[in-house]
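J.: Sharing a structure here in structure tokens format.
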Amino acid sequence: MLEKSDIALVRDDIQKIVGSKVSIETNKGRHKSVVNQGIISNVYPSIFTVQLDEGSETSRKLSFSYTDVLTNTVEITLCE
């Protein structure tokens with residue numbers, strides 16, 4: 001069972017890397033996953049947002065909950 005302290009730790013870790021370029025791998029089920037690259041733009045009490053790198057014409061934001069990270073539905077890797 002997930003506890004509030006676990007979610008708070010994940011939120012604090014993500015807060016430290018706001019503005020950093022990351023690679024986000026999202027598990028879509030049935031052995032399907034999607035990999036996106038972007039910049040962590042904002043951290044909110046329940047979610048965080050990632051601004052995707054898709055070119056100059058279009059701009060997309062994705063949002064994820066901290067429980068997605070705890071349950072390994074979303075994996076975050078820092079890009080260098």
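The values are calculated or read from the model by the stated rules, or taken from the named source; none is laboratory data. What you see is a predicted model, and the numbers here were worked out from it, not measured in a lab. All Cβ positions, even for glycine, are placed from backbone atoms using ideal geometry, and neighbour counts span all protein chains on display. All accessible areas refer to the heavy atoms of the entire protein, side chains included, with ligands and DNA or RNA removed. Shrake-Rupley method; radii C 1.70, N 1.55, O 1.52, S 1.80 Å.
J.: Pairs please, first residue from region 22-33 and touching a residue at least 12 places away in the same chain (Cβ under 8 Å), second anywhere and among the small types (Gly, Ala, Ser), Cβ atoms under 6 Å, 6+ apart in sequence or on different chains.
T.: Hits for this filter: GLU25/SER33; ASN27/SER33.
J.: Can you work out which of the residues in region 43-54 that are of a type in the set (A, V, I, L, M, F, W, C) and open to solvent by less than 60 Å² (accessible area, probe 1.4 Å) is nearest to ASN72 (Cα to Cα)?
T.: Checking each candidate, the answer is PHE48.
J.: Every residue in region 1-42 that is within 15 Å of LEU62 (Cβ to Cβ), out of contact with any helix residue (DSSP H, G or I) (no Cβ under 7 Å at 6 or more places or on another chain) and open to solvent by less than 50 Å² (accessible area, probe 1.4 Å), please.
T.: Passing the criteria: ILE14, VAL22, SER23, ILE24, THR26, ASN36, GLY38, SER41.
J.: In addition: Just to be sure, is SER63 modelled with pLDDT of 95 or more and among the small types (Gly, Ala, Ser)?
T.: yes
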